[in-house]
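Q: My questions all concern the structure below.
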Amino acid sequence: MWFSNDGKKLAFITFNDTNVPVFTIPYYGQPGDIRYQYALQFSVHYPKVGHANPTVSIQVADLSQIEVEPKIEVTNNYLPPDSVGLEPIIASLTWANNSTFLLIWFNRYQNITSYCMCSTLNDACKEKFTYKEPNGWISPQVPRFHPSGESMVQIFPINEGIHDLYNQVVLFNFTQEIISPHYLTRGKITVSEIVQWDTTEDIVYFISTLEGMPEQLQTQFVSSKINNETHLGKYTCLSCDNYKTIDGNPCLYAGSMFSTDSSYYVISCSGPQVPEVTIFNKRHKPVILWETNDKVRETIKNTYFTRYKILDVPLENNFTAKVYLTYPEVTKDGKYPLLVRVYSGPDSSLVTEQFNINFDRYYASNRSIYTAVIDARGSGLKGSRNSFTLNRKLGTVEVEDQITVVKYLLNKYKHIDPDKVAVWGWSYGGYVTGMMLAKDTTNTVKCGIMVAPVTDWLLYDSMYTERYMGAPTEEDNADGYYNSSLSRHAFGLKDKMFFLIHGTQDDNVHYQNSMLLAKVLQQNDILFRQMTYTDEDHSLRFVYPHFYHSIQQFFDECFDKNERET
């Protein structure tokens, strides 16, 4: 729901799930409770690929007379344009002024977008701008309007090379009959968020990567005046060289928030050191060090953590993988295991300078092992040439690159024991873990854990899957779906050591995924370990101790097993 600026109108979206098929999820309840003699069944309208999506409608309620007349007048004539076809998706709704709002629509496959300006004065919308991405997909971005409602700034993809789009800050001027984006920033940076538009000073503040360093995020600013050609595309970093942490180090991961009138702002430095928060005035002078996390600093000071480095690893076709590698104190002749955590979903990123203490860091510090996360082809923050390599072919290059980089690390770091290499991942990462094990014909990876994996993209939700894969029809991409199925590659898991984990009440990646993979494995006498968490959802949050002890035990067994065999 979105209130107009004066609070007198309320725009809202309704969803009709009537035609969406129902997926049933059992709930087993508590042991010994007679109420659960028969498991409960929860029904969820869940649109899988190729099936009906919910239909959406936009309505606006006029609240101006609500205190006089309790009946609220609702208008719902704001229809999608023909350019986005059937079953369109609403990407965003933003009020431009008290009587006009912008609707951004996507087509079902999210490679066409339409900008429609809608007026509550005549209850009609006018299409102002359309954009089609022929080589991939379009990501939704929420705009920020000028108080006049005549222009807005937004994140939008701009070509910075041959078929290589980077998300930039652009300005749209709605006083024109047909609008088009005017770029405010340029270069091979990825803008992740617009945090403030100071319309008094004509300055846009945004968060972005630095060129060649997608692992860093910094707060920057740029002029929003498009009549001065000399300044177009030129921006200044607010949190880079002029900002130092209390330890005297540069901040490499800096978010920000601004007061409504831009007179004060907060820089939240989240890495690589312990996070701290500082408030600045409009002249960029520090006012107060708001948060230093002293207790965390004291704890860290007395705790051993593995060190880290960020590597660039060359890949085929002039692509580069980013690797976050942690490493223990090593002895001259020592050999140490390598644990790789994977995700690798389209536009995702794991390699970051953000401070973090997770299972990998804990396990590495307590077991003296190397750990790595890898952002290769398909990952985000490095332009569309990199991310669109996964377009219509999930389970291909992102899997190959993980294996390639592991081999690179084994060759570069002689202290890594090639007989003790393990991988694990959750959700999309669980899928990639399984595909790595199945496609690893050289037996580089010795064991792996798949947590709540997608095992067949036919089983996942339409909005996510069709964005990257299209439709599962013969006319569209049936072959892509067939080739991407982990179950189809199950024979590659024979004689591999792996652990399959899933919760029965997972309403995101349904337990059906693991059950059907297990069925193929069992029918083909492929041995594996499996853990089912009863009534747990995708996060497994109520069984964390058991879950983490289980995966730790598995990795201990994997590394010990390979030590005995050598």
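Q: Provide a single number: the residues in region 14-59 that are more than 21 Å from residue 537 (Cβ to Cβ), assigned to a strand (DSSP E or B) and in contact with a Leu (Cβ under 7 Å, 6 or more places away or on another chain).
A: So the count comes out to 1.
Q: Here's a follow-up. Among the numbered conditions (1) of a type in the set (Lys, Arg); (2) farther than 20 Å from residue 373 by Cβ; (3) under 26 Å from the mean Cα position of the chain (by Cα), tell me where residue 285 comes up short.
A: Only one criterion is unmet by residue 285, namely (3).
Q: Name the single residue, out of those in region 350-376 being in a loop (DSSP other than H, G, I, E, B) and aliphatic (A, V, I, L, M), that is surrounded by the fewest Cβ atoms within 10 Å (Cβ to Cβ).
A: Looking at the filtered set, the residue picked out is 357.
Q: So for region 234-254 (the condition being touching a strand residue (DSSP E or B) at 6+ places or on another chain (Cβ under 8 Å), modelled with pLDDT under 95 and within 19 Å of residue 145 (Cα to Cα)), does at least one residue qualify?
A: Within region 234-254, not a single residue is touching a strand residue (DSSP E or B) at 6+ places or on another chain (Cβ under 8 Å), modelled with pLDDT under 95 and within 19 Å of residue 145 (Cα to Cα).
Q: Would you point out the residue of region 174-187, among those that are of a type in the set (S, T, N, Q) and touching a residue at least 40 places away in the same chain (Cβ under 8 Å), that is nearest to residue 208 (Cα to Cα)?
A: Top of the filtered list is 185.
Q: Against the condition among the polar types (S, T, N, Q) and crowded, with 16+ Cβ neighbours inside 10 Å, how does residue 99 come out, does it pass?
A: Taking the combined requirement at face value, the residue satisfies it.
Q: Just name the residue that is farthest from the chain's Cα centre (by Cα) out of those in region 389-402 that are closer than 21 Å to residue 482 by Cβ and outside any loop (DSSP other than H, G, I, E, B).
A: Checking each candidate, the answer is 400.
Q: Also: Looking only at region 71-99, count every residue that is assigned to a strand (DSSP E or B), within 31 Å of the chain's Cα centre (by Cα) and among the hydroxyl-bearing types (Ser, Thr, Tyr) and tell me the total.
A: 2
Q: Go through (1) within 23 Å of residue 417 (Cβ to Cβ); (2) buried (at least 16 other Cβ atoms within 10 Å of the Cβ); (3) basic (Lys, Arg) one by one and return the number of the condition residue 307 breaks.
A: (2)
Q: Is there a residue being in contact with a helix residue (DSSP H, G or I) (Cβ under 8 Å, 6 or more places away or on another chain), surrounded by fewer than 21 Cβ atoms within 10 Å (Cβ to Cβ) and more than 18 Å from residue 386 (Cα to Cα) anywhere in region 218-240?
A: Checked region 218-240: at least one residue is in contact with a helix residue (DSSP H, G or I) (Cβ under 8 Å, 6 or more places away or on another chain), surrounded by fewer than 21 Cβ atoms within 10 Å (Cβ to Cβ) and more than 18 Å from residue 386 (Cα to Cα).
The values are calculated or read from the model by the stated rules, or taken from the named source; none is laboratory data. Predicted model, so just to flag it, every value in this text is computed and none were measured. Methodologically, a virtual Cβ is constructed for each residue, glycine included, from the backbone with ideal geometry; neighbour enumeration extends over all protein chains shown.
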